[in-house]
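Just below is one structure, and these are the notes that go with it.
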């Protein structure tokens, strides 16, 4: 009895502490690993396979090679339109979000009495995303009775028809989203509060004024926050869906037909799963390319303070 | 201390202080004007939620409607079963928060404290999934959950939470790394195993971070629209976001009702924000996003 148990224990290689720790590590992260395969890696691979097929969910998928991609790039004017809408929105919204976010953060970083109240007010809207947020703004933009046109009327200006006017609808959506600027503001504010005051004192001794201090101290030290807001801003705006689906459903005249809204229609209204998957993969690659380009060039403009400071 | 003593009234009259006071005044004015712009939409929605169809169309508008039409609330909330939608959403949120707190704590502990070959690779892989474009997953997920017979149930919105979410894992990992390791070493010497350490040492010290995860998670579920839209079809299963969207598409002209419903849908997040504001801010600080 005793000798056999010794023999079996001899056959199993004895694990040293490091190996046991490694096994424990993989045990700990195993939920994430399984989830990664089931909900990320698997779907991404499946999505690429679907993109090579024609599939309406009712019959089995038909392999069509690159047909979906060819159709997307050459024969679908609406897809091109939706890409343009998304691109214009991203190119206008992301810089505006960063400029307003940074300006507000600079204002709110002043050491003034009651500044906490202001921080709360500016940050609050950014936790309120979703349908209710959009419905509220649809009422704000109501051409006859909405607050915006009412205020314009006080000033003697006849306001546009906003969400109902193809020329104004996208601008209205941009204004609507800018109400949530608190999200990027709070990241800039955290970055600002992390800048050691010593640096400003040194700059003052060197005779720097406010302007110089901003360009030579504040902005360089905020570049990590800028990078973060830039990358997540681009990733999020490329995926704009809810705001357009609820406020305009792509209209009027497709002026707010965002790429993901069109993708959703193709998949879940027209049941063209293959084509929609091809659209998803194109978006995936575009965003990946943008992110990589920004990351790779960030070494030139992002300034990291050395550790140990 | 010295600087505080020197801040007396004669200094106050010196030119440099005048300049500082004018500068502060300008900043206050800008802050107040900006605050008005940020508060007005909410105030306008609240004001409209107490107006009848007739009052809504008046010009100039009544900022504080008289009479206040309280009935908008009970009437709007019974047109569609709003409380049902709210309860559905609360149930999903509670289960998702439970799943995320359980799984993310364990996963984050692994990433924060245990050494193993391949750890950095998996950590970076996990972070990179945060940047994934969601639409690339949604079609295969729909097909996957459809095969499992989960469509029109809450499982697609709850089960993935039990496998952790990258942002919450990252947040907790950053927090755990700042807990002095000596506390754990002391417990190890006393004969505690890793699970006991996690439960008795790490979790009690990490309440702010866990609270931040719960709040972010609640916010995510409460505001989520695309996933419920794809996975839930029956009206009795609707979340608050789906319910409000349904309400909007049916009763567009009754802005008083619509604003009453919107205020009810916004209220939980507003209340949570005021109660737990510091956790929102801390959540960002923990992750060290600030750079």
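Compare B:141, B:205, B:114 in a GNM of chain B, Cα atoms joined below 10 Å, and give the one with the largest fluctuation. Looking only at B:141, B:205, B:114, the largest GNM fluctuation is found for B:114. The alpha-carbon atoms of the protein assembly as shown define a convex hull whose volume equals 223 cubic angstrom per residue. Peptide B:40-53 has a mean shielding of 4, counted as Cβ atoms of other protein chains within 10 Å of each residue's Cβ. Contact order for region B:122-251, expressed relative to its length and based on alpha carbon pairs under 8 Å spaced 6+ residues apart, stands at 31 percent.
How much space per residue, in cubic angstrom, does the convex hull of the C-alpha atoms of region B:142-272 take up?
Values: hull volume 17.7 nm³, N = 131.
Per residue, the Cα convex hull of region B:142-272 comes to 135 Å³.
Relative contact order for region A:74-301: 28 percent, from Cα pairs under 8 Å spaced at least 6 residues apart, divided by residue count. Distance between the pseudo-spin-label points of residue A:87 and residue B:130 (7 Å out from Cα toward the beta carbon): 2.9 nm.
Counting only DSSP H runs of at least 4 residues, each contributing -39500 (n - 2.57), and dividing by the residue count of chain B, the helix-based mean residue ellipticity at 222 nm comes to -22000 deg cm²/dmol. Computed from the Cβ-Cβ distance with R0 of 22 Å, the FRET efficiency linking residue B:211 to residue A:117 stands at 0.45. Taking B:73, B:142, B:59 in turn, the Gaussian network model of chain B (Cα-Cα springs below 10 Å) assigns the largest fluctuation to B:59.
Taking a point 7 Å from the Cα of residue B:30 along the Cα-to-Cβ direction, the residues of region A:205-227 with backbone N closer than 13 Å to it are A:210-211, A:214.
Could you work out, residue by residue across A:18-27, how many beta carbons of other chains sit within 10 Å of that residue's beta carbon, and then give the average as an integer?
So the per-residue partner count for this stretch is 5.
Normalised size of chain B, defined as Cα radius of gyration per 2.2 N^0.38 Å with N residues, equals 1.33. Computed over chain B, relative contact order equals 29 percent, with contacts defined as Cα pairs under 8 Å that lie 6+ residues apart.
Neighbour counting of Cβ atoms within 10 Å sorts the residues A:94, A:293, B:136, fewest neighbours leading, into A:293, A:94, B:136. Computed from the C-beta positions of residue A:110 and residue A:48 and an R0 of 51 Å, the FRET efficiency is 0.50 to the nearest 0.05. In the calculated pair distance distribution of region A:249-309, what percentage of Cα-Cα distances lie above 18 Å? Roughly 58 percent, rounded to a whole number.
Among B:104, A:290, the order by Cβ neighbours within 10 angstrom, fewest to most, reads A:290, B:104. Per-residue ellipticity at 222 nm, computed for chain A from helices alone with -39500 (n - 2.57) per DSSP H run of at least four residues, works out to -20000 deg cm²/dmol.
The residue A:210 and residue A:303 beta-carbon pair, evaluated with R₀ = 30 Å, returns a calculated FRET efficiency of approximately 0.90. A crude spin-label estimate for the pair residue B:62 and residue B:181, with each label 7 Å from Cα along the Cβ direction, gives 6.8 nm. Comparing B:49, B:153, B:128 in a Gaussian network model of chain B where C-alpha atoms under 10 Å apart are linked, the largest mean-square fluctuation is found at B:128.
Given region B:44-146, what whole percent of its Cα pairs are spread farther than 17 Å? The calculated P(r) of region B:44-146 puts 75 percent of pairs beyond 17 Å. Compactness of region A:74-301 was expressed as the Cα radius of gyration divided by 2.2 N^0.38 Å, which yields 1.19. Label-to-label distance, residue A:60 versus residue B:17, with points set 7 angstrom from Cα along the beta-carbon direction: 8.7 nm. Cα centroid separation, region A:217-236 to region B:29-91: 36 Å. So if I take the centroid of the Cα atoms in region B:176-254 and the same for region B:103-162, what is the distance between those two points in Å? Between the Cα centre of region B:176-254 and that of region B:103-162, the gap is 14 Å.
Label zone (residue A:23, point 7 Å along Cα-to-C-beta; backbone nitrogen cut-off 17 Å) within region B:154-196: B:193-195.
Global dimensions of region A:102-179 from alpha-carbon coordinates: Rg and Dmax equal 15.4, 45 Å. Counting, for every residue in A:222-229, the Cβ atoms of other protein chains within 10 Å of its Cβ and taking the mean gives 2.
FYI, it's all coordinate maths here, none of it is from the lab. Keep in mind that what you see is a predicted model, and the values were worked out from it rather than measured. Counting neighbours? That spans all protein chains shown, and the Cβs are built from the backbone with ideal geometry, glycine included.
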